[in-house]
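Scroll down for the structure; my scribbles are underneath it.
The values are calculated or read from the model by the stated rules, or taken from the named source; none is laboratory data. Everything quoted here is computed from the prediction, not taken from an experiment. Neighbour counts run over all protein chains shown; Cβ positions are idealised from the backbone, glycine included. With ligands, DNA and RNA removed, areas are computed over all heavy atoms of the protein, side chains included. Shrake-Rupley method; radii C 1.70, N 1.55, O 1.52, S 1.80 Å.
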Amino acid sequence: MQNKISDVLLQNWDYCMDVEDWSPPLSDALEGVDSQQASWKPQGEAANSIWETVNHLTYYKERLLRKLKGLEKEPDLESNDDTFSVTETGDEAWQNAVSRLKKVHADLRVIIEALEEGAYDWGGSGHAPGEEVMSLILHDVYHTGQIIMTRKLQGSWPSRRSF
């Protein structure tokens, strides 16, 4: 059976957020995290909090969604570091950040589902839609691993988990 490229992208997109594959999905990595845990950082300047990472993931998903919908590009932030910014505190703000991430992920899923074999044919400048989606999949998996490592360091990740 031959899958369309959009089917393969969609399968991997689902692995990122909701479906256990080789690694836990992002929804599992965020499950049960409260605002205090989300704001916690290990010692050292190089580490980001879970909340910062969620905002970073949301930024790039929203940027791709706008592009794939043909909407006007938002002004770029000054640097990639700015995408990790957290300006609010508290449980409600944290839950809103997670909800925003999950919503944009679901909105992008609809776009990915509609991609056809031409997902890698791109007449414009930059990367083809399929390349951008695959890049974002890899980006999500990378940062999900960081979130899990942060949870392990803070002691909020189970020492044994079944999947």
Exercise. Work through the residues other than His143 whose Cβ is under 12 Å from its Cβ and net out their charges, Lys, Arg +1 and Asp, Glu -1.
Key: -1
Self-check item: Furthest towards positive pole of dipole, His127, Pro42, Ser156, structure part the chain, Cβ charges
Solution: Ser156
Quiz prompt | Simple spin-label estimate for Glu92 and Asp107 in nanometres, 7 Å along Cα-Cβ | solution = 2.2 nm
Quiz item: Modelled label-to-label distance, Ser23 and Ser85, 7 Å Cα→beta-carbon offset: nm?
Solution: 2.7 nm
Self-check item: Summed residue charge, Cβ within 14 Å of Leu108's Cβ, Lys/Arg positive, Asp/Glu negative
Solution: +2
Quiz item: Using the Cβ atoms and a cut-off under 13 Å, what net charge is assigned to the surroundings of Lys67, where Lys and Arg are +1 and Asp and Glu are -1?
Solution: -2
Quiz prompt | Calculated from backbone phi, Karplus (6.51, -1.76, 1.60) coupling profile of region 56-67 in Hz, x at Gly/Pro | solution = 4, 4, 4, 4, 6, 5, 5, 5, 5, 4, 4, 5
Quiz item: List the GluC sites (Glu not before Pro) in region 41-113 that DSSP assigns to loop (not H, G, I, E or B) and whose Cβ has at most 13 other Cβ atoms within 10 Å. Which are they?
Solution: Glu45, Glu72, Glu78, Glu88
Quiz item: Counting other Cβ atoms within 10 Å, which trypsin sites (Lys or Arg not before Pro) in region 1-109 have at most 14 and lie in a DSSP loop?
Solution: Lys4, Lys69, Lys73
Self-check item: Among Ser23, Leu138, Leu57 - extreme Cα towards positive end, dipole of the chain, charges at beta-carbon
Solution: Ser23
Exercise. Could you tell me which label, among [x] 15.5, 50; [y] 16.5, 50; [z] 23.2, 78, carries the value of Rg and Dmax of the Cα atoms in Å calculated for this structure?
Key: [y]
Quiz item: In region 1-61, which chymotrypsin sites (Phe, Trp or Tyr not before Pro) are in a loop and have at most 11 other Cβ atoms within 10 Å, using DSSP for the loop call?
Solution: Trp22
Practice problem: Hey, can you find the accessible area per residue of the chain for me, probe 1.4 Å, expressed in square angstrom? | Solution: 61 Å²
Quiz prompt | Three-way shape call for region 1-97 based on the alpha-carbon gyration tensor, with the a/c threshold at 1.5 | solution = oblate
Exercise. Tell me what the chain gives for mean residue ellipticity at 222 nm when only DSSP H runs of n ≥ 4 count, each as -39,500 (n - 2.57), the sum divided by the residue total, rounded to 500 deg cm²/dmol.
Key: -18500 deg cm²/dmol
